[in-house]
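Below is one structure, written out as structure tokens; the observations come after it.
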Amino acid sequence: MLTNKTILVTGGTGSFGNTFVPMTLAKYNPKKIIIYSRDEMKQWDMAKKYTNDSRVRFFIGDVRDRERLYRALDGVDYVVHAAATKIVPTAEYNPFECVKTNINGAMNLIDACLDQGVKRVVALSTDKASSPANLYGATKLASDKLFVAGNSYSGGRDTRFAVVRYGNVMGSRGSVIPFFMSIKDKGELPITDSRMTRFMISLEEGVELVWHAFEDMEGGEIYVKKIPSMKVTDLGKVVAPEAKQVEIGIRPGEKLHEQMISAEDSYYTYEYPEHFKILPAINGWCDSPERIKNGKKVPEGFIYSSDNNTEWMSPAALQAWIDQNREKIGSI
């Protein structure tokens, strides 16, 4: 699939890109992976890892800049759209900037991919796009809708768009595990709400879901991986068992539980052994046998959220993951 192909990753210096690049180089041996992002220092640091690998290229640019995207996408076969303004409080206090990147940037990328003849595009989404309660989630819902509808604009072109959606990425920069690890010796852990639950997914699982989307997509699907949940209080006990947990209240725009499939989405959702697929409601695509494949329709009113999950991560499983990944937690 990706062998000897040219791939571009927007926001490629982030946590996802730093995992996607080495895994994809090893598994598929692509012709080229282009890292497209606006932070020159992050590109400089990342480039040091690939000094002797001519397959990895770096391209300074912003998804807000349509002309720059057109230049970067020349000759590109596959795109992973990971660029986003994604910190919830940052988006709440800087709403114009969040809209410019997450919505306008998505529109720019869709137009550029269509006009440049890109074959397949997978956009990364978030649990916060399902029944959004904050601006970040609202912009990502809009972005998801744009990528789904982008398939209507392809005309006779072969360009297809799909979305992958997952929750809290364990160990990524700015996430709860490295944050708790950084303050565990202070004797107290701030817990926003003792009832809070979160989905738990590794970066490697996120990359594998993108690979699956590229292989499976017909266009317009939203892929949701089945992953375990965990209470934030239990997570805190694993990371800092001696620390006192202090409840501080939910931050602006924060949800008590993560949700990836809403009741409204259930009408168009199908279940598979390792994931769900939300099919497009538009154009009758939800009834497309090519998209449904061997899926089983979920019950009407089905909701996939971190508090009603059937799979839960045990403290022992989380401890084993931390022990195995300790050196890279919070570094990518």
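Nothing in this text is a laboratory measurement; each read-out follows from the coordinates by a stated rule. Remember, predicted model here, so these are calculated numbers, not experimental data. Methodologically, a virtual Cβ is constructed for each residue, glycine included, from the backbone with ideal geometry; neighbour enumeration extends over all protein chains shown.
Over the chain, the hull volume per residue, using the convex hull of the C-alpha atoms, is 134 Å³.
For the pair residue 107 and residue 31, a Förster radius of 30 Å applied to the C-beta separation gives a FRET efficiency near 0.60, rounded to the nearest 0.05.
Label sites at residue 3 and residue 70, each approximated as a point 7 angstrom past Cα along Cα to Cβ, lie 3.6 nm apart. For residue 272 and residue 300, FRET efficiency with R0 = 22 Å and r from the beta-carbon atoms, rounded to 0.05? E(calc), rounded to 0.05, equals 0.75. Straight-line cross-link reach from residue 297 at under 16 Å between alpha-carbon atoms covers these aspartates and glutamates, not counting any fewer than eight positions away in the same chain: 221, 264, 265, 271, 274, 287. Projecting the Cα atoms of 279, 212, 248 onto the dipole axis of the stretch 147-293, where Lys and Arg carry +1 and Asp and Glu carry -1 at the beta carbon, places 248 farthest toward the positive end. Beta-bridge orientation, the chain: approximately 30 percent antiparallel, per DSSP, counting only bridges with both partners inside. Summarised as an ellipsoid, the stretch 130-216 has semi-axes of 35, 16, 9 Å, derived from the eigenvalues of the Cα gyration tensor scaled by 5 and square-rooted, with the largest first. For the stretch 219-325, averaging the sequence separation of C-alpha pairs within contact (under 8 Å, six or more residues apart) and dividing by the residue count gives a relative contact order of 40 percent.
Counting only helical runs of four or more DSSP H residues, what would the 222 nm mean residue ellipticity of the chain come to if each run contributes -39,500 (n - 2.57) and the total is spread over all its residues? That calculation yields -9500 deg cm²/dmol at 222 nm. Averaging Cα coordinates gives a centre for the stretch 23-87 and one for the stretch 156-188; these two points are 19 Å apart.
When restricted to Cα atoms, the stretch 195-332 yields an Rg and a Dmax of 17.5, 56 Å, respectively.
Excluding same-chain neighbours fewer than eight residues apart, the lysines reachable from residue 184 by a Cα-Cα span under 19 Å are 231, 237, 244, 328. How much of the DSSP beta bridge set in the stretch 177-284 is antiparallel, as a percent to the nearest 5? Counting DSSP beta bridges with both partners in the stretch 177-284, the antiparallel share is about 70 percent.
Evaluate the relative contact order of the stretch 37-186 (contact order divided by residue number), counting alpha-carbon pairs under 8 angstrom at least 6 apart; express in whole percent.
The value is 20 percent.
Projection of the Cα convex hull of the stretch 1-78, averaged over all directions and equal to a quarter of that hull's surface, yields 4.8 nm².
Between residue 87 and residue 323, the simple spin-label model (points 7 angstrom out along Cα→Cβ) gives 3.3 nm. Projected onto planes of every orientation and averaged, the convex hull of the alpha-carbon atoms in the stretch 230-292 covers 7.1 nm². Note on residue 195 and residue 233: their simple-model spin labels are 1.2 nm apart, each label 7 Å out from Cα toward Cβ.
Counting only residues at least eight positions apart within a chain, or on another chain, the lysines with an alpha carbon under 28 Å from that of residue 293 are 5, 27, 119, 128, 140, 145, 225, 226, 277.
A Förster radius of 45 Å, combined with the Cβ-Cβ distance separating residue 251 from residue 54, puts the computed FRET efficiency at roughly 0.55. Overall, the stretch 205-332 carries a charge dipole of about 320 debye about its Cα centre when +1 sits on the Cβ of Lys and Arg and -1 on the Cβ of Asp and Glu, all other atoms neutral. Contact order, relative form, for the chain: 16 percent (alpha carbon pairs under 8 Å, 6 or more residues apart, mean separation divided by residue count). Taking the Cα centre of the chain as origin and assigning +1 to Lys and Arg Cβ atoms and -1 to Asp and Glu Cβ atoms, the resulting dipole is close to 660 debye. When restricted to Cα atoms, the stretch 75-220 yields an Rg and a Dmax of 17.1, 61 Å, respectively.
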